[in-house]
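The structure appears below as structure tokens.
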There are 4 protein chains.
Amino acid sequence: MSAKMSEQSRGVYIIAATPFDQDGELDLNSTDTLIDFYLEKGVSGITILGMMGEAPKLTSDESLLFMRRVMTRVNGRVPVVVGISHPAHRQVALLAKSAMSLGAAGVMLAPVANLKTEEQVVNYYLSVAALLGDDIPLCLQDFPQSTGVHCSVETILRLVEALPQLVMLKHEDLPGLRKLSQVRHQSEARGLRRISILAGNGGLFLPQEMRRGADGAMTGFAYPEMLVQMCRLFDEGRDDEAEEVFDCYLPLLRHEFQYGIGLALRKETLRRRGAIRCAALRQPGPRLDREDLLELDALISRLERRLAALNG
Amino acid sequence: MSAKMSEQSRGVYIIAATPFDQDGELDLNSTDTLIDFYLEKGVSGITILGMMGEAPKLTSDESLLFMRRVMTRVNGRVPVVVGISHPAHRQVALLAKSAMSLGAAGVMLAPVANLKTEEQVVNYYLSVAALLGDDIPLCLQDFPQSTGVHCSVETILRLVEALPQLVMLKHEDLPGLRKLSQVRHQSEARGLRRISILAGNGGLFLPQEMRRGADGAMTGFAYPEMLVQMCRLFDEGRDDEAEEVFDCYLPLLRHEFQYGIGLALRKETLRRRGAIRCAALRQPGPRLDREDLLELDALISRLERRLAALNG
Amino acid sequence: MSAKMSEQSRGVYIIAATPFDQDGELDLNSTDTLIDFYLEKGVSGITILGMMGEAPKLTSDESLLFMRRVMTRVNGRVPVVVGISHPAHRQVALLAKSAMSLGAAGVMLAPVANLKTEEQVVNYYLSVAALLGDDIPLCLQDFPQSTGVHCSVETILRLVEALPQLVMLKHEDLPGLRKLSQVRHQSEARGLRRISILAGNGGLFLPQEMRRGADGAMTGFAYPEMLVQMCRLFDEGRDDEAEEVFDCYLPLLRHEFQYGIGLALRKETLRRRGAIRCAALRQPGPRLDREDLLELDALISRLERRLAALNG
Amino acid sequence: MSAKMSEQSRGVYIIAATPFDQDGELDLNSTDTLIDFYLEKGVSGITILGMMGEAPKLTSDESLLFMRRVMTRVNGRVPVVVGISHPAHRQVALLAKSAMSLGAAGVMLAPVANLKTEEQVVNYYLSVAALLGDDIPLCLQDFPQSTGVHCSVETILRLVEALPQLVMLKHEDLPGLRKLSQVRHQSEARGLRRISILAGNGGLFLPQEMRRGADGAMTGFAYPEMLVQMCRLFDEGRDDEAEEVFDCYLPLLRHEFQYGIGLALRKETLRRRGAIRCAALRQPGPRLDREDLLELDALISRLERRLAALNG
């Protein structure tokens, strides 16, 4: 079993896709090859059952089956974070406890969709935390574009103060650059723990986020090696080179950033790269048409030409 | 097995609560007493696993268990409609097929939450219908306050034309009175089938909806006997008396209409009336405090005094 | 000039409609008769240029013209509160200062629509307050169904603490009964000023709100005399009689509660009662059709029969 | 006076900022220099009083004043399109007629925010068109992220069929690439007029949109010369070179794409380039802090180095 998620977690926690076959069944063989792909690319951790992992479309049994398969394949080589967002507390608790007993490094929780005020957000996390106990490391996913729930910096810091097990923020408010800076500045000014912040939103603002205090990325871009390289360069203080690398991939990364169809593009790219056998999303979900595929071809070819030029 | 849901379905299809015990477990004994309660009050049908039935908080197994228990208890005396709304098509299909094989009269489906255009709404229903086949009677739930998805009259009628199995509309757009009239008028003008329309939204506008062409109510008010009486009076052409009855209950009905806490009030009222043993919602969900309970006391007492005066 | 709005303000502050003629021009003669109508019915105050007053459809010049006409007609007999919500700070300030110089008792401000966090809500009010100075009494309009902006109890109390000129809350969150109680309880527990709370939302929950600590109503129901009578009965401790009166009008009040078309119904009722000459809304806005008008006829007739029976 | 907007309009219609001074007053001198800046960069047209032009924060008088100043400065050299979106029809009509009488080439209209169904969207445009008459060329702004109103391809094409004066679509649904293709394909399949489509959304997907049938861009990127060069290269069939140019600017363009603060970044960039004297937005609106400014410095420096390398 690998180490638990902690305030020191950093680098690339790739958001794993969930592979299905043409009939929409979980594809467990592709789960293995996908995990191998991510590990070969050098990721620091893997996050499964996130929103981009189509988690709400899985049954409870399927979630457990997939979780188990991933854990077995990873076999402790990197930490695995498990998404546990669900409308019912008891299902949140069940997923969390199953994940931890299978060796997960921690769990990730977004607020349920019908919370209206920040008081409600705080109470939501407190009540879930009471169910989970103090021992399960928690990542707060701040993703208002998807959940409709907004958190101020104050709310995030109140939760950091109240919950020692809250060790990570998945930062994906948009626009969110100033918010990231404020979390860092205000946390320091108040003498709070410095938690890990990993940037989401497809990585669209990753260089800026790294400079403002992110510790890495938690996103699912189909070229994880770029994210890995970037984070390493940032670690070595070679920020400009890191941004150079990022800019190379930016046209494609921006293309994947499109909400909804972006996941279909990402899975198709993973398929082309040999990571999974079938790119289909579970229905309902977008399917790529001929024009989408040709456009993706063109963007990938441009990237390859650019990389060849850069490296050649 | 009772008759299937059809264009001729009318009267009160009560939206059944899902009873839990204090620990949040499904309470199957209360399920039996609740079903008995509804049947005693004279409902024409029962709808289970709707949004107000806390369906999104149940696991797939629990849904099947609850469905089976209800079917057994009802034992064909009235039609049972089963809510099958779910983010994944395959789960929609599984729920629908399980329901029908257990003797359901039909299924109810709301659009998934991320549909943006009406073209997408139409395609959503067409693709689900393709999965379900022609034999499963379908009720379209038009509830934009909860789903965020809006349907014009045109969209509803396109679906009526395209899908012979679409036999019922659960009407709960708000405001929605004119929309109900337009569905009736335009349907007739175009020579379409006249489908069954049952009014939701807690019944807040039920007398007006009956006059505009509704065939009954599909809602969960904790005094189903009032809805039953009203619909019978409307059937007999005694509209003014029906409205008189309605007005008696309106203060309490309006109180239950409050989204969120309304369900907690409804379950508490059902508990007081002996229909279920425990009023708790599954977490997360509102809990009544002392002030809420006293307020409910007062409203129920007022209703009882009024009924006594009316009948005395 | 009448007294300013204050923490002691109570009773019925009627939300005034803005009368237009058939061509959509401001109807200043009807403005006079409408004000006379409200005063005759015994309102304690008048609120103009609210959302239901179609304020966003007026030009800046029209707002000033209407404001001036109302002030002249009221002539200090009751306090007039002026809605100043607008996307630009400078326009908010201009409206506020114009209103006060014309003799308004205070101003009412809802948060602009794009505020996402409560920190932003607090900052919004602080920045407007800095522009307005300390001398203009302020009413906070908490109406998330229209603005999309949610405030917790904590946010409201922070503003009460920070801004001495914040003397009134227009309470129209929905459901909002518990929130009202919490504002009262927590305010008292923290030793804060007790501000005036007037209930909105068409008055749909007014008896419950009065019992939970509201000081009156700020809404536009077309039978202001009922609201006035109710508030007086509550003042005299005759709560049950107050609720009796309310229940009489509830079917019609609920009918007006329909967002959007409710305003058209309200203006038509005011027209029938002789308060204004033309019921038209400025375009775009709903128009009543034959079916709507017959339905309204029936509801008004029922009310009149009921009142006759009660008083007879 | 320049030619009217038409189905043949193409190239870059820059969305003009509205310059204010430090006190929030309209800065008419900067209006002149800004217009000169845009014309020097070679834009094909100018769009004023769009959402990014802070139009909702202007009074009616200020809108007319600004409109007049722009028209005078442009003096017929390029077509000027005027945004006329407003909650009241009569204000829409007033703005449109004023604009045309001052020599505008056409007007741009987004749906008002409270339209729920596409039927309502269609009726909204039909009723406005009835007010404006047939002679005012109309651009439909499809920007659901800002308006909350969604239009399907079908709705757009119905409007193209019904309204001969509808000659342009400002395409900024997101994701929207497939929608753009479908508008082109279905329009052709049905033998409809081919309207002009200009891409918005900050230009984030401009190369893909040009390949899918856009005729140019309508956005406010602070380096209009890039957009101009790109469109020219696309016109010459040099698509790959066009995309090369685009990719150079993409990091900065993506940075401006941030909703809200993006406008503050854009105005600051325009200020640095000498186009306007003061970068301030009217309040309420975001202000750049030190960290934002340093980040912008770095992005602009990177761009300049890249351009130097490319051209050197």
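The values are calculated or read from the model by the stated rules, or taken from the named source; none is laboratory data. Just so it is clear, the model here is predicted, and its values are computed rather than measured. A quick note on method: Cβ atoms are made from the backbone with ideal geometry, for glycine too, and the neighbour counts reach across all protein chains shown. For the accessible areas, the whole protein counts, side chains as well, though only heavy atoms, and no ligand, DNA or RNA atoms are used. Shrake-Rupley method; radii C 1.70, N 1.55, O 1.52, S 1.80 Å.
Taking the criterion of being over 12 Å from residue D:93 (Cα atoms) and away from chain C (no Cβ under 14 Å), the residues of segment D:122-137 that qualify are D:134, D:135, D:137. Tell me whether segment B:147-156 contains one or more residues that are in contact (Cβ under 8 Å) with a residue 12 or more places away in the chain and under 17 Å from the mean Cα position of the chain (by Cα). Looking for residues that are in contact (Cβ under 8 Å) with a residue 12 or more places away in the chain and under 17 Å from the mean Cα position of the chain (by Cα), one finds at least one in segment B:147-156, hence yes.
When D:264, D:298 are screened for being of a type in the set (A, V, I, L, M, F, W, C) and touching a residue at least 12 places away in the same chain (Cβ under 8 Å), only D:264 passes.
For residues that are more than 10 Å from residue D:213 (Cα to Cα) and not in a loop (DSSP other than H, G, I, E, B), scanning just segment D:183-197, find the one that is least open to solvent (accessible area, probe 1.4 Å). Explain how you work it out, then say what you get.
Looking only at segment D:183-197, we keep the residues that are more than 10 Å from residue D:213 (Cα to Cα), and these are D:186-195.
Now drop any that are not not in a loop (DSSP other than H, G, I, E, B), which leaves D:186-189.
Numbers: D:186: 59, D:187: 13, D:188: 146, D:189: 88 Å².
Going through the qualifying residues, I end up with D:187.
Note on segment B:98-110: among residues that are within 19 Å of the chain's Cα centre (by Cα) and in a loop (DSSP other than H, G, I, E, B), the one that is nearest to the other protein chains (Cβ to nearest Cβ) is B:110.
Taking segment C:214-259 as the range and being of a type in the set (Gly, Ala, Ser) and under 14 Å from the mean Cα position of the chain (by Cα) as the test, the residues that pass are C:214, C:216, C:217, C:220, C:222. If the condition is being more than 9 Å from chain D (Cβ to nearest Cβ) and either within 19 Å of the chain's Cα centre (by Cα) or within 30 Å of residue B:127 (Cα to Cα) (or both), then segment A:295-309 contributes A:296, A:297.
Could we say that residue A:212 is within 12 Å of another protein chain (Cβ to nearest Cβ) and either open to solvent by 10 Å² or more (accessible area, probe 1.4 Å) or of a type in the set (Asp, Glu) (or both) here?
On the way: within 12 Å of another protein chain (Cβ to nearest Cβ): yes; either open to solvent by 10 Å² or more (accessible area, probe 1.4 Å) or of a type in the set (Asp, Glu) (or both): yes.
Against the criterion (within 12 Å of another protein chain (Cβ to nearest Cβ) and either open to solvent by 10 Å² or more (accessible area, probe 1.4 Å) or of a type in the set (Asp, Glu) (or both)), residue A:212 qualifies.
In segment C:258-285, what residues are closer than 21 Å to residue D:120 by Cβ, buried (at least 17 other Cβ atoms within 10 Å of the Cβ) and either of a type in the set (Ser, Thr, Tyr) or facing chain B (nearest Cβ under 9 Å) (or both)? Those that are closer than 21 Å to residue D:120 by Cβ, buried (at least 17 other Cβ atoms within 10 Å of the Cβ) and either of a type in the set (Ser, Thr, Tyr) or facing chain B (nearest Cβ under 9 Å) (or both): C:258, C:261, C:262. Among the residues of segment A:46-83, which ones are without any contact (Cβ under 8 Å) to a residue 60 or more places away in the chain, in contact with a helix residue (DSSP H, G or I) (Cβ under 6 Å, 6 or more places away or on another chain), within 14 Å of another protein chain (Cβ to nearest Cβ) and aliphatic (A, V, I, L, M)? Of everything in segment A:46-83, those that are without any contact (Cβ under 8 Å) to a residue 60 or more places away in the chain, in contact with a helix residue (DSSP H, G or I) (Cβ under 6 Å, 6 or more places away or on another chain), within 14 Å of another protein chain (Cβ to nearest Cβ) and aliphatic (A, V, I, L, M) turn out to be A:49, A:64. Scanning segment B:37-66 for residues that are surrounded by 21 or more Cβ atoms within 10 Å (Cβ to Cβ), over 21 Å from residue B:271 (Cβ atoms) and of a type outside the set (S, T, N, Q) yields a count of 1. Taken over segment C:4-52, the criterion of being of a type in the set (Gly, Ala, Ser) and within 16 Å of the chain's Cα centre (by Cα) is satisfied by C:6, C:9, C:11, C:16, C:17, C:42, C:44, C:45, C:50. Scanning segment C:223-246 turns up one or more residues that are part of a helix (DSSP H, G or I), modelled with pLDDT of 95 or more, surrounded by 20 or more Cβ atoms within 10 Å (Cβ to Cβ) and facing chain B (nearest Cβ under 10 Å). Can you tell me which residues in segment A:42-63 are farther than 25 Å from residue A:6 by Cβ and in a helix (DSSP H, G or I)? A:56, A:57, A:60, A:61, A:62, listed by residue number.
All conditions in (1) aliphatic (A, V, I, L, M); (2) part of a loop (DSSP other than H, G, I, E, B); (3) within 26 Å of residue A:115 (Cα to Cα) hold for residue C:136, with the sole exception of (3). Just one of (1) closer than 30 Å to residue A:116 by Cα; (2) assigned to a loop (DSSP other than H, G, I, E, B) fails for residue B:251. It is (2).
Would you mind stating whether residue C:291 is under 19 Å from residue B:243 (Cα atoms) and crowded, with 21+ Cβ neighbours inside 10 Å? Judged against the criteria, residue C:291 is not a match. One residue stands out in segment A:72-97 among those that are assigned to a helix (DSSP H, G or I) and open to solvent by less than 20 Å² (accessible area, probe 1.4 Å): the one that is nearest to residue A:9 (Cα to Cα), namely A:74. Among the residues of segment B:263-292, those identified as assigned to a helix (DSSP H, G or I) and of a type outside the set (Asp, Glu) are B:263, B:264, B:265, B:266, B:267, B:269, B:270, B:271, B:272, B:290. Looking across segment D:14-36, just one residue is open to solvent by 10 Å² or more (accessible area, probe 1.4 Å) and within 27 Å of residue D:169 (Cβ to Cβ), and that is D:15. Does residue A:295 fit the bill of being of a type outside the set (Val, Ile, Thr), in a helix (DSSP H, G or I) and within 30 Å of residue B:129 (Cβ to Cβ)? Answer is no for this residue. Determine whether residue C:184 is within 11 Å of chain B (Cβ to nearest Cβ) and among the basic types (Lys, Arg). Yes. Against the numbered list (1) within 14 Å of another protein chain (Cβ to nearest Cβ); (2) assigned to a loop (DSSP other than H, G, I, E, B), residue B:9 comes up short only at (1).
Within segment C:147-176, the set of residues being within 14 Å of chain A (Cβ to nearest Cβ), assigned to a helix (DSSP H, G or I), open to solvent by 10 Å² or more (accessible area, probe 1.4 Å) and more than 18 Å from residue C:202 (Cα to Cα) comprises C:154, C:158.
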